[in-house]
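J.: Pasting a structure here, questions to come.
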């Protein structure tokens, strides 16, 4: 299962254009040419007048049709919500419905406990214990699996039926233990429309790898397209979500996740319509294999639909003003690398550590911050915590606007959130996805991803540039590393021989996604490079989503589905009351961003304020 999501508004524009008789390829018509002399000479006068009137009316209405497209082309996107009140109404319905149906969404697995094989997600559709899920991963009738409920209960299930054909599939499972189980209501044949809001619940695998998932993760979206037996939607999905349910905002199940159209962000997912599959054959025989192509959803078309969900700043300007003023851009040598959140009027700023310094606290370069007003100021890194990947910075002078932190211990699933980004006319929006409790993420050990050998000149790099390119590590190196370079120091510690190098390059305290500073002897001259630490999990991904390099060794976090890039972490996550309910610490994947709750942020800041740990400028 590959992750995708989108926004369907381009579809509605096309429908509007088509209804008005125009297409995207239509040329603008000059109204001065609309004279009867421009009409066919053999056309009766009454018909000609009617035609002239219809064309004139189309031209009068044309700006109303084209205006959203022109705004988008100008970089001003439509708003996901029409107002704060609209967003609050959606949030209320979403939280209520998700709370009712989530207890019926299960995680499926097979194999022994010590050799568990995750088999995706499923949902109880009948109180007798009937579970609907996907039909791939080699599921076979009669095989047994485990269904793990959100409350921790584990039930043995048997696969009663597997329906598969034409690249589509689903399965029906039955809980072996007799009883009455919480089940979700099915929507049935009630009509859906493109643009209707919906939400997905499931257990995405990449998130489960870094933090334990006891309850399903919520993703909000809209219906993108309607097929004969399938529903396409833009909820963010990933491997592990297969078999998970799609609901309308009233909590009625629309479909079960079958497949994703492609790997890019702008590819929708495809859910089997429950109103069409329960007879076991319709979905497999009546679906049009070219349906997705006709809708414009193809794996090769990576920009099939707009994916980002924006909230136009003018609709929430007063609400977001304190949080926007409490956000800074953090720059290294004049280049923006991450955001930071102002903690108090004295100018203390908290940010993501690994984007500005090495594992041992050596800054990548000259540190400055750009404020809300656009002023760039010198900043100082006064403390850092490598175990939590946070750093405390200090701005000059006082009188700063602090980000308005909320008092809620942990954000709640279904809360709509916004992430303000400096110098943008829109704010990204999404929804809190996890609900159990904020979870601390253990570190993955990192190592310097270079092959070396000991020669007479010293510890010499044998990794080629091509090998670094193949691993997609080359663009991540700050500076340059070449085959034949002699590494004399790692993070300022001498490495005269292979043993000393191995000691520094493979320390068990190194964390994947951090950097080390290499001092290099090349052509009789000394140079430096900052090298990222890799791990067996890898720090590069084919996700089309600019994920963070360091995804482990983090404090307790919650998840949300706002699309932010790697360099947009460090800033605040804001709820619909304007309160900061978290600080983004990492972009995990296409479907999820990790954020630290406010109470943990403030506690980390207190510890760092009394810490003797200080950072250093680049050195030997």
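The values are calculated or read from the model by the stated rules, or taken from the named source; none is laboratory data. From a predicted model like this one, the values you see are computed outputs, not experimental measurements. A quick note on method: Cβ atoms are made from the backbone with ideal geometry, for glycine too, and the neighbour counts reach across all protein chains shown.
J.: Given the criteria under 18 Å from residue 609 (Cβ atoms) and touching a residue at least 60 places away in the same chain (Cβ under 8 Å), does residue 362 qualify?
T.: No; evaluated as a whole, the condition is false for this residue.
J.: In addition: Would it be correct to say that residue 482 is on the phi > 0 side of the Ramachandran plot, assigned to a loop (DSSP other than H, G, I, E, B), in contact (Cβ under 8 Å) with a residue 24 or more places away in the chain and under 36 Å from the mean Cα position of the chain (by Cα)?
T.: In short, no.
J.: Does the range 442-456 include one or more residues that are loosely packed, with under 15 Cβ neighbours inside 10 Å and at positive phi?
T.: There is no residue in the range 442-456 that is loosely packed, with under 15 Cβ neighbours inside 10 Å and at positive phi.
J.: Same structure, new question: How many of the residues making up the range 545-559 are surrounded by 24 or more Cβ atoms within 10 Å (Cβ to Cβ) and modelled with pLDDT under 90?
T.: 0
J.: Please verify whether residue 606 is outside any strand (DSSP E or B), surrounded by fewer than 20 Cβ atoms within 10 Å (Cβ to Cβ) and over 10 Å from the mean Cα position of the chain (by Cα), treating the condition exactly as stated.
T.: When the stated conditions are applied, residue 606 passes them.
J.: Could you tell me whether residue 538 is outside the structural domain of residue 415 (by TED's automatic domain parsing) and either within 15 Å of residue 592 (Cα to Cα) or touching a helix residue (DSSP H, G or I) at 6+ places or on another chain (Cβ under 8 Å) (or both)?
T.: Considered against the rule, which asks whether it is outside the structural domain of residue 415 (by TED's automatic domain parsing) and either within 15 Å of residue 592 (Cα to Cα) or touching a helix residue (DSSP H, G or I) at 6+ places or on another chain (Cβ under 8 Å) (or both), residue 538 comes out as no.
J.: Now for a separate question. Could you please find all residues in the range 83-102 being farther than 16 Å from residue 245 by Cβ and either free of Cβ contacts under 8 Å to residues at least 12 places away in the same chain or part of a helix (DSSP H, G or I) (or both)?
T.: Listed by number, the residues that qualify are 84, 85, 86, 87, 88, 89, 90, 91, 92, 93, 95, 96.
J.: Among the residues of the range 157-211, write down those that are exposed (fewer than 14 other Cβ atoms within 10 Å of the Cβ) and within 26 Å of the chain's Cα centre (by Cα).
T.: If the condition is that a residue be exposed (fewer than 14 other Cβ atoms within 10 Å of the Cβ) and within 26 Å of the chain's Cα centre (by Cα), then 193 is the only one that fits.
J.: Take the residues in the range 517-544 that are over 19 Å from residue 450 (Cβ atoms) and assigned to a loop (DSSP other than H, G, I, E, B); name whichever of them is modelled with the highest pLDDT.
T.: 524
J.: Turning to a different aspect of this structure: Would you point out the residue of the range 465-480, among those that are more than 20 Å from residue 525 (Cβ to Cβ) and exposed (fewer than 13 other Cβ atoms within 10 Å of the Cβ), that is modelled with the highest pLDDT?
T.: 466
J.: Can you spot a residue in the range 272-284 that is closer than 18 Å to residue 431 by Cα and modelled with pLDDT of 85 or more?
T.: No, that holds for no residue.
J.: Next question, about the same structure. Among the numbered conditions (1) part of a strand (DSSP E or B); (2) in contact with a strand residue (DSSP E or B) (Cβ under 7 Å, 6 or more places away or on another chain); (3) modelled with pLDDT under 90, tell me where residue 139 comes up short.
T.: (1)
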